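Structure first, commentary second.
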Amino acid sequence: MNILFSFVLATIVAATAPSEAEQKVSLPEEFTLNLDFKAGWPFEEYCRKASEQNLAKGDTYTYVYEYEADGKKASEEFKFLIYGNKTNYKYLKGTGDGVKTLRPDPKSATSRITLPAVPGRYLKSVTLHVCNAHSKRFAIVDSKTWKVIAESEGSTSSSPATITFPTAGVSTQPGKPYYMRLIDTNMLVSGVTLVYSSTL
């Protein structure tokens, strides 16, 4: 009876245990998501045309982060929401330099990108790259209270702006989404770089 019971138990365990391919690979302790708009639209979905954009709620896009852990290749999907505050955004080449940029409505100073929440990881830093000669700023905003927790220096085509946490006594919280508010008009966003970490 004991031999039979042991055989049945072993069979059940073998059937329910995840295969090697199904086992979850952990994200690195620190990793970078690089939205390089100059290199091409960084999301899996195409950039929605003006007529397809959801002006009331914004549009969700998927970014795939590929990495290697424990000798295994893995990938993780992250969701970004781009919201023009009831105005359209565009993804266009510049007429002079031909560089592709994300362009909120030229008159909008309240467009935002929702930065994804990552369980067990802090948002450590955010860098804004632009193709503007005149400085353009952004703010990191609490997604629940709408409180601005940090505001950047001006970013220009020759000098990107970065907010690194903690800053001025303020830190982000692990597993929490934040808004990146683009707070200047006529912004030509060529890239956004995010660093997530298990510690600050």
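Pick from S171, S135, S159: which is within 18 Å of R103 (Cβ to Cβ), surrounded by fewer than 16 Cβ atoms within 10 Å (Cβ to Cβ) and either touching a Gly at 6+ places or on another chain (Cβ under 6 Å) or polar (S, T, N, Q) (or both)?
Just one listed residue meets the conditions, S135.
Could you give me the residue pairs with C-beta distances under 9 Å whose first residue belongs to segment 117-143 and is in contact (Cβ under 8 Å) with a residue 24 or more places away in the chain and of a type in the set (K, R), whose second residue is open to solvent by 30 Å² or more (accessible area, probe 1.4 Å) and outside any loop (DSSP other than H, G, I, E, B) wherever it lies, and which are 6+ apart or on separate chains?
Between residues of segment 117-143 that are in contact (Cβ under 8 Å) with a residue 24 or more places away in the chain and of a type in the set (K, R) and residues that are open to solvent by 30 Å² or more (accessible area, probe 1.4 Å) and outside any loop (DSSP other than H, G, I, E, B), the close pairs are R121/E30; K124/E30; K124/T164; R137/E151.
Yes or no, residue by residue, for (1) surrounded by 11 or more Cβ atoms within 10 Å (Cβ to Cβ); (2) in a loop (DSSP other than H, G, I, E, B); (3) among the small types (G, A, S):
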| site | (1), (2), (3) |
| --- | --- |
| T60 | yes, no, no |
| F78 | yes, no, no |
| I82 | yes, no, no |
| N88 | yes, yes, no |
| Y91 | yes, no, no |
| G98 | no, yes, yes |
| L102 | yes, no, no |
| S108 | yes, yes, yes |
| I113 | yes, no, no |
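Tell me which residues, restricted to segment 51-73, are in contact (Cβ under 8 Å) with a residue 24 or more places away in the chain, of a type in the set (A, V, I, L, M) and more than 18 Å from R112 (Cβ to Cβ).
Correct list: A69 only.
Return yes or no: is G191 of a type in the set (G, A, S), in a loop (DSSP other than H, G, I, E, B) and touching a residue at least 24 places away in the same chain (Cβ under 8 Å)?
no
Taking segment 38-52 as the region of interest, how many residues are within 20 Å of S75 (Cα to Cα) and either surrounded by 15 or more Cβ atoms within 10 Å (Cβ to Cβ) or among the acidic types (D, E) (or both)?
Of the residues in that region, 5 qualify.
The values are calculated or read from the model by the stated rules, or taken from the named source; none is laboratory data. In this text, all values refer to a predicted model and were calculated from it rather than measured experimentally. Reconstructed Cβ throughout: ideal geometry from the backbone, glycine too, with neighbour counts over all protein chains shown. SASA here: full protein model, heavy atoms, side chains in, ligands and nucleic acids out. Shrake-Rupley method; radii C 1.70, N 1.55, O 1.52, S 1.80 Å.
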